[in-house]
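Only one structure is covered here, and it is reproduced in the block below.
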Amino acid sequence: MSAPILGATASELGQRIAQGELSATEVTSAHLAQIERVDGQVRAFLHVDAEGALERAAAVDARLAAGERLGPLAGVPVAVKDLFCTAGVPTTAGSRILEGWVPPYSATVVRRLTDAGLVLLGKTNLDEFAMGSSTENSGYFTTHNPWALDRVPGGSGGGSAAALAAFESPLSVGTDTGGSIRQPASVTGTVGVKPTYGGTSRYGVIAMASSLDQPGPCARTVLDAALLHEVMGGHDPFDSTSIDAPVPPVVDAARSGDVRGLRIGVVTELGGEGYAPGVEQRFAEALDALRDAGAVLVDVSCPSFRYALGAYYLIMPSEVSSNLARYDAMRYGLRVGDDGTRGVEEVMNLTRGRGFGEEAKRRIIIGTYALSSGYYDAYYGSAQKVRTLITRDFEAAFAGVDVLVSPSTPTTAFRIGERTADPLAMYASDLCTIPSNMAGNASGSFPCGLAPEDGLPVGFQVMAPPLADDRVYRVGAALERALSARDGGVLTDRIADRWLEA
Ligand code: GLN
């Protein structure tokens, strides 16, 4: 009997497709059937484009049959966060204000996936405009964590992470402004990487906070994430902040996983009070595993990280307030009250009042306030100074170590509803991830076991200097290798029985 399709890694599927053992159409059909079977429970997808996916798969099969040489992921399905514009496929950003909008063009990242022969399955759920840590702020519905359906899958990219853990897709794509790739990866036992700012194109990605947003790969294994990173990344003349440099050697690093002699700094500020005991325990074991693999561990203090969350929640809403001004009822999606009796401002008010959810409104108001004259220096200006201090902490640390590490999140997945009434508790989910967005360096989250107290996944964060994304993968691969040897497979294998039909 041939090996199953669902549950296989993207790299295996790509190889089997390249060898002619499987077709893109078969692989796509199997994943569409899985979505059909389980997504009623998980709710990872806002939009499944079954017909389009099969057409795209058939086109890839034809290209391969014609002898075209596509990359190692040709024919492999991918789910894309609904923040990326996809030509002809609805794009909502998780907001009612964009309901029914169909973009006329695709994001650069999406175009690169298609050019490399990846097959877009559909668009995944997210917190509205990527604002949140649980997908509960989606204007449509909440996604459930495949490890425990009463728990959140993290956010904002909870749909992209849940789709992996429920084996609905072998690969997905997210964006990370303050942790929206890494935090969902952490709480779903998957891999998620935020590349160096400027390493992946933001062109065609609906903007939340432009100086922080960064698209990145999500997968169940380190190698799969690296293969996807390589396809997505690289210079894009359409994005003025895109770095004109080759993609770091992430795939080689993921294949190697050699950390002998690598200097790893453990950030002393990211631990202690507020961190779940099981998170600290698994994190400490992961450090032991890396030491056993030959890495040199040292403690490193980054004192300004303490102020990162506060500064982020001024800079991000300030950018949000200006980026979201474009939803004016005239150009995209929803328009409310345009019955010939009202003026343009009234229609704009009604549309924004109805179309934006509570969190989007909260941030627009905070940002507008922080930028208003008389407050600009006190709030936005001070936050920018803190941002510089955080960057300096990273620079000082990287003068002595090759990477920094911490838990990815202070706790495991929380219960749906547990933090919705308390925005500050929700914001604290991103304590560990935000510094790397503020400084723009590369950072990833890798599974490091289950917390004994609740049996839920714990994430291990690796932070590397700008353009040293390969180091993130090198450490991730070392960890994956050590823990798979100990546990008999990657973390998501443990819920394969639950989500895959016998
Ligand atoms: N959870 C953070 C926020 O709500 C980060 C979001 C993100 O990375 N898009 O802003």
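Report, by residue number, each residue of the range 14-31 that is more than 12 Å from L64 (Cα to Cα) and touching a strand residue (DSSP E or B) at 6+ places or on another chain (Cβ under 7 Å).
Result: V27, T28, H31.
Quick one: count up the residues across the range 412-439 that are surrounded by 20 or more Cβ atoms within 10 Å (Cβ to Cβ) and not hydrophobic (A, V, I, L, M, F, W, C).
Looking only at that region, the number is 8.
Please work out which residue is nearest to G192 (Cα to Cα), limiting yourself to the range 97-110 and to residues that are surrounded by fewer than 18 Cβ atoms within 10 Å (Cβ to Cβ) and not hydrophobic (A, V, I, L, M, F, W, C).
Y105
Quick test for you: out of E280, E346, E273, pick the one residue that is in contact with a Pro (Cβ under 8 Å, 6 or more places away or on another chain) and open to solvent by 60 Å² or more (accessible area, probe 1.4 Å).
E280
Tell me, yes or no, whether the range 317-333 has at least one residue that is free of Cβ contacts under 8 Å to residues at least 24 places away in the same chain and polar (S, T, N, Q).
So far as the range 317-333 goes, no, none of its residues is free of Cβ contacts under 8 Å to residues at least 24 places away in the same chain and polar (S, T, N, Q).
Do we have any residue at all in the range 296-307 that's open to solvent by less than 60 Å² (accessible area, probe 1.4 Å) and part of a helix (DSSP H, G or I)?
Yes.
Limited to the range 137-164, what total is found for residues that are within 20 Å of E359 (Cβ to Cβ), assigned to a loop (DSSP other than H, G, I, E, B) and open to solvent by 10 Å² or more (accessible area, probe 1.4 Å)?
Total meeting the criteria: 7.
Starting from residues that are touching a strand residue (DSSP E or B) at 6+ places or on another chain (Cβ under 8 Å) and over 17 Å from V472 (Cβ atoms), keep the ones in the range 284-295 and report whichever is surrounded by the fewest Cβ atoms within 10 Å (Cβ to Cβ).
This residue is R291.
Here is a list: S382, S443. Which entry is open to solvent by less than 10 Å² (accessible area, probe 1.4 Å) and not β-branched (V, I, T)?
S443
Run down A329, A325 and say which single residue is closer than 30 Å to V344 by Cα, open to solvent by less than 10 Å² (accessible area, probe 1.4 Å) and away from the ligand (no atom under 16 Å from the Cβ).
Within the list A329, A325, the selection yields A329.
Go through T241, T268 for me and flag whichever is in contact with a strand residue (DSSP E or B) (Cβ under 9 Å, 6 or more places away or on another chain) and either touching a residue at least 40 places away in the same chain (Cβ under 8 Å) or open to solvent by 30 Å² or more (accessible area, probe 1.4 Å) (or both).
Just a single option satisfies the conditions, and that option is T268.
Restricting to the range 175-209, give me the number of residues that are assigned to a loop (DSSP other than H, G, I, E, B) and away from the ligand (no atom under 12 Å from the Cβ).
So the count comes out to 11.
The values are calculated or read from the model by the stated rules, or taken from the named source; none is laboratory data. Here the structure is a predicted model, which means the values were calculated and not measured. No Cβ is skipped: glycine too gets one built from the backbone with ideal geometry, and neighbour counts run over all protein chains shown. Keep in mind that these areas ignore ligands, DNA and RNA; they rest on the heavy atoms of the full protein, side chains included. Shrake-Rupley method; radii C 1.70, N 1.55, O 1.52, S 1.80 Å.
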